[in-house]
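**Q** Structure incoming, see below.
Values quoted throughout were computed directly from the atomic coordinates according to the rules given, and no laboratory measurement underlies them. Everything quoted here is computed from the prediction, not taken from an experiment. Ideal geometry is used to build each Cβ from the backbone, glycine not excepted, and the neighbour counts take in all protein chains shown.
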Amino acid sequence: MESQSTARDGSAPVDVPYSLAASEVVALLGVDQERGISEREALERSERFGPNRLAEAPAVPIWRKLANQFRDLMIWILVVAAVISGALGEWIDSVAILAIVLLNGVIGFFQEERAGRALAALQKLSAPIAKAVRDGLPRMLPAGELVPGDVIELEAGDNIPADARLVQSFGVTVQEAALTGESVPVRKEAGAILAAGTPLGDRRNMVHMGTVAASGKARGIVVATGMGTELGRIARLLERHEPEPTPLQRRLAALGRVLIVITLAIVGVIFLLQVLRGGALIEAFMTAVSLAVAAVPEGLPAIVTVALALGLQRMVKRNALVRKLPSVETLGSVTVICSDKTGTLTRNEMTVQEVLAGGTRYRVTGTGYAPRGEFFMDGSSRTAEPDTAAATEDAAVDPSRAGDLRLALATGAWCNSARLVPEGDGEVAWKVIGDPTEGALIVAGLKAGVEIHDRGRSVVYEIPFDSERKAMSVVVRGGDGRTVLYTKGAPEIILDKCVAERVAGEVRPLSAERRQAILKTNGEMASRALRVLGLARRDDPPISPADDPESRLEFVGLVGMIDPPREEVREAVAKCRAAGIRPVMITGDHPATALAVARKLGMIAEGQRVVPGPELERMSDEQLARQVEGIAVYARASAEDKLRIVQAWRSRGEVVAMTGDGVNDAPAVRAADIGIAMGVTGTDVTKEASDMVLTDDNFASIVNAVEEGRGIFDNIQKVLQFLLSCNFGEILLMFAASLAGWPAPLLPIQLLWINLVTDGLPALALSLEPPEPDVMQRPPRPANESILSPRLGWNIAWQGVLVGFVGLAAFGFIYLRHADAERARAATFCVVVYAELLRALAARSPTRTLGELGLFTNPHLLLAIVVSGMLQASVAIMPWSQRVFGVPWHTPADWAMIVVLALTPVTAIEVGKLVLRRRLGPVAA
Ligand code: ATP
């Protein structure tokens, strides 16, 4: 910013903003610090300054991607073979082979493009979001839309979306390692004014794109975006990251290599046998090369990527965004899901239902965030209190006359960062922007007529809520110039800081009995699933937050709010159990609240218990690992506790999914096998540490993702089984024929064609198979189980034998009876293709028959089979292609045989499923 830069690179016309007072920067940028800029202004600025994005290195051009398809050695051998046969005058063969090679490359290219596009779409979904104020309203914007002059709000855990001059800061520290290499978070002060030329690492009043807020809260004015930011200057071009292959893809590639070696060995033997039989060298060579090409499942990596990427898209529709491809595999073998309570198991829609103030308990009516409701006094808890004397049992209370009640509700409403805004037209629906717990307190305050926005009041400083401290405070200067601190937080924490209590407007010392009585009420409210907060205040607190203002407080009351469990979670929990997955609740809330919610959701099984944070702290890691299976709920747990719980489960060989939202959750989320971040309430730091983000913060979405993950893995296995048994069958056919001393039962061109029609569309369509209905009724797949499981290997073997057998039968029938190799080959060619296409239907499930699955439940596969089948028919029928593929007219008898033999494998497999099921039972099969 020292140098004048052109507008399009995103630098605002403010030189060295850190050397100016915040107010000067605000004035120079023509912004209202409270209201932000208007949407119209933002649009204009966006045109002037460009998007807030770092320029990317150019993408790989299409021609190169296409060329990459032909980098395979096999392909080149094939091309050489085609050239040789061309040179020998077999020009039809030569051209046809080249055409097939080309077609193969193009199909591979499209498969990869499809996968790439699916992945890019997913990446777009996880684009960063910034919190800005525009037209006076807080907005969540894609970070790319920020413009210089935007007012942004920052909280612990947020990525800094652009370079900004701070205008307000409460205990903000920023992790700047990415930019300056400094590993310790740096403290930031909006009030500082620095000399021009201050090095980047010392600019205390600025925050920079690419760094992360580690703690506190701040407001800033964007001074530079995109390439105009300090990050933009350093990284002139953002590297494009090609996605790394997943372990599964790597294992498949390794498998592919083994298959190549085996195939080449067998092909070598076939070649030798043919030559020894006196066949022409060139013919034998062509057969060998074609067989090698046909037998190697070169489409597999692309199909697997498509299966993964499309599976991920399905997950997105079910609100789970997987950020790392390998996680899909891990998802399928998850055995434990540790979940936060608030917002994940519950709806995070808080409504204050009870208040304890001045020793009296009140009931609050009303639902949701509409600020309409009444107060009733609970007669049994009523103590002598002049203020409320007017109220009678079970009668409505006029809050304007209940001083203690109003004070408690005002404390909750003022110690607050949330906002309540009407949604839609009129005031029909209300929405909370910010923390719903705080929103509920505003709503309760409004119900009691508390003035929420008093122009005369101003915030002196704030100690933001932090789930470790479990409390939050705000120091406010009133119209009369006096300052008051308002605090709220977990009741036991608040009570610890209190020395007095307000009753009927008077300050009384807080006796030990009263403390006990309040804690008892707290426990009783919590046991009814209420989330309880303690409220307190202090007159004339220290002027600096560093002097421990949260001490010597006056207790003013408790509020109990309901946060209903999400309806769908109960079912999801049951589904987990059926799937052999153990659900665990980890919450910052009170043990009684946690237990009550866990019971409602069926999360706590016979013999399982609740462990509060302090008890957990006393346990050694070994003790925890020993007991972990018996603990269903952890309450008042901290982020470190989460990490220990993950480690304890993992030490027992379990595969753990763990949710998190706050900055402190990042280590536990990272340590879990599947780290899950909350999309709505989660911080950027946690999202970045995670493998998966829930776009609706809902526990049920985790379970859905596991279901999809299992389905995707199944599909990959199905494709693998289908392709490998096809190839195995072809090799067997060729091998057996050479052993029998017969001519090659398939021509090179026929082999290549088979490879094209069976490995192409049907295999791709198989990867789109919807998850089978019982995926969540079987135990998780062992994490260390090879993708090529024994069952899969067995199926590949016997189904391969089937295909080889019908091919050989077709050839043998005609060749032995008519001694016509061409006619025999033509029949074999058709039998193999049709048998494969029909077998794809049986490959849809290893245990379920087509009748059970429903013929039309995978329409892609039907389409693939029809299209491929018609292609094959046209090859067999059209005169010109008959010539190319060496296929004469089939006689009706030949056709009949083709139909019977082509139907044999699919029928045998389907019958096999039924037999196996009868013998072993549905699960074992
Ligand atoms: P979970 O970990 O399941 O999401 P949680 O949201 O209840 O649980 P925290 O947000 O860490 O966990 O809250 C812990 C405790 O801190 C709550 O039980 C409540 O007493 C208190 N608390 C929550 N929100 C606030 C807030 N905004 N201000 C003050 N105290 C709060």
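**Q** For the chain, what is the mean residue ellipticity at 222 nm derived from helices alone (per DSSP H run of n ≥ 4: -39500 (n - 2.57); sum divided by total residues; nearest 500 deg cm²/dmol)?
**A** Values: 31 runs with 435 residues, N = 925.
Helix contribution divided over all residues of the chain: -15000 deg cm²/dmol.
**Q** For the range 29-54 and the range 795-843, compute the distance between their C-alpha centroids and round to whole Å.
**A** Centre-to-centre distance over Cα atoms comes out at 69 Å.
**Q** Modelling each spin label as a point 7 Å along the Cα-to-Cβ direction, I'd like the A254/I62 distance in nm, to one decimal.
**A** Distance between the two pseudo-spin positions: 3.8 nm.
**Q** Fewest to most neighbouring Cβ within 10 Å: what's the order for K65, K488?
**A** Sorted ascending by nearby Cβ count, the order is K65, K488.
**Q** Give me the net charge of A632's neighbourhood, meaning all other residues with Cβ under 11 Å from the Cβ of A632; Lys, Arg count +1, Asp, Glu -1.
**A** Spelling it out: positives minus negatives among the neighbours equals +1.
**Q** Would you mind working out the magnitude of the charge dipole of the chain relative to its Cα centre, with +1 at each Lys and Arg C-beta and -1 at each Asp and Glu C-beta, to the nearest 20 Debye?
**A** 2100 debye
**Q** Does the range 164-215 come out rounded, prolate or oblate by the C-alpha gyration tensor, with a ≥ b ≥ c the root eigenvalues, rounded set by a/c under 1.5 and, if not, prolate when a/b is larger than b/c and oblate if not? Working shown, then result.
**A** Details: a/c = 1.83, a/b = 1.14, b/c = 1.60.
Since a/c reaches 1.5 but b/c is at least a/b, the shape of the range 164-215 is classed as oblate.
**Q** Also, I was wondering about something else. Between A280 and W880, what is the FRET efficiency for a Förster distance of 25 Å, r being their Cβ-Cβ separation, to the nearest 0.05?
**A** It comes to 0.45.
**Q** A further question on this structure: What length, rounded to one decimal in nm, is gained on full extension from R650 through to V899, with 0.36 nm per residue of separation minus their alpha-carbon distance?
**A** Computed gain between R650 and V899 is 84.2 nm.
**Q** Another one. Could you work out how far the C-alpha centroid of the range 855-881 sits from that of the range 705-774, in angstrom?
**A** Rounded to whole Å, the Cα centres lie 16 Å apart.
**Q** For V915 and L102 in the same chain, what is the full-extension length gain: residue separation times 0.36 nm, less their Cα-Cα distance, in nm?
**A** Difference between extended and current length: 288.3 nm.
**Q** 5 Å is the cut-off here: which amide hydrogens, built 1.01 Å from N in the peptide plane, fall below it relative to V172, excluding neighbours closer than 5 in sequence?
**A** Correct list: K188, K217.
**Q** Sticking with this one: Tell me, what is the FRET efficiency for E785 and I77 to the nearest 0.05, using R0 = 41 angstrom and their Cβ-Cβ distance as r?
**A** 0.70
**Q** Would you calculate the separation in nanometres between label points at R35 and I493, each defined as 7 Å from the Cα along the Cα-to-beta-carbon direction?
**A** Label-label distance for R35 and I493, simple model: 3.8 nm.
**Q** Quick one: if the Förster radius is 35 Å, what FRET efficiency do E513 and V460 give, using the C-beta to C-beta distance and rounding to 0.05?
**A** Details: r = 35 Å, r/R0 = 1.00.
The value I calculate is 0.50.
**Q** As I understand it, the dipole of the range 146-198 uses +1 on the Cβ of Lys and Arg and -1 on the Cβ of Asp and Glu, about the Cα centre. Which of A195, I160, V147 lies farthest toward its positive end?
**A** A195
**Q** Let me ask something additional. Mind giving me the nanometre distance, one decimal, between the label points for I543 and R528, set 7 Å out from Cα along Cα→Cβ?
**A** Label at I543, label at R528, 4.6 nm between them.
**Q** What's the extension gain from I193 to I92 if we count 0.36 nm per residue and subtract their Cα-Cα distance?
**A** Numbers: separation 101, 0.36 × 101 = 36.36 nm, distance 8.09 nm.
Answer, rounded to one decimal: 28.3 nm.
**Q** Set the bar at 18 Å for Cα to Cα. Now go through K188/K217; K718/K913; K341/K431; K131/K687; K470/K642 and name every pair that lies beyond it.
**A** Working: K188/K217 10 Å; K718/K913 15 Å; K341/K431 21 Å; K131/K687 16 Å; K470/K642 16 Å.
The pairs that break the limit, which is 18 Å between Cα atoms, are K341/K431.
**Q** Also, I was wondering about something else. Are there any helices in the chain, counted as whole DSSP H runs, that stretch 24 Å or more along their axis by Cα and score at least 1.0 on average by Kyte-Doolittle, and if so which?
**A** 247-276, 300-317, 859-877
**Q** I would also like to ask the following. Whole Å is fine, so just give me how far the alpha carbon centre of the range 420-489 lies from that of the range 197-232.
**A** Between the Cα centres of the range 420-489 and the range 197-232 lies a distance of 28 Å.
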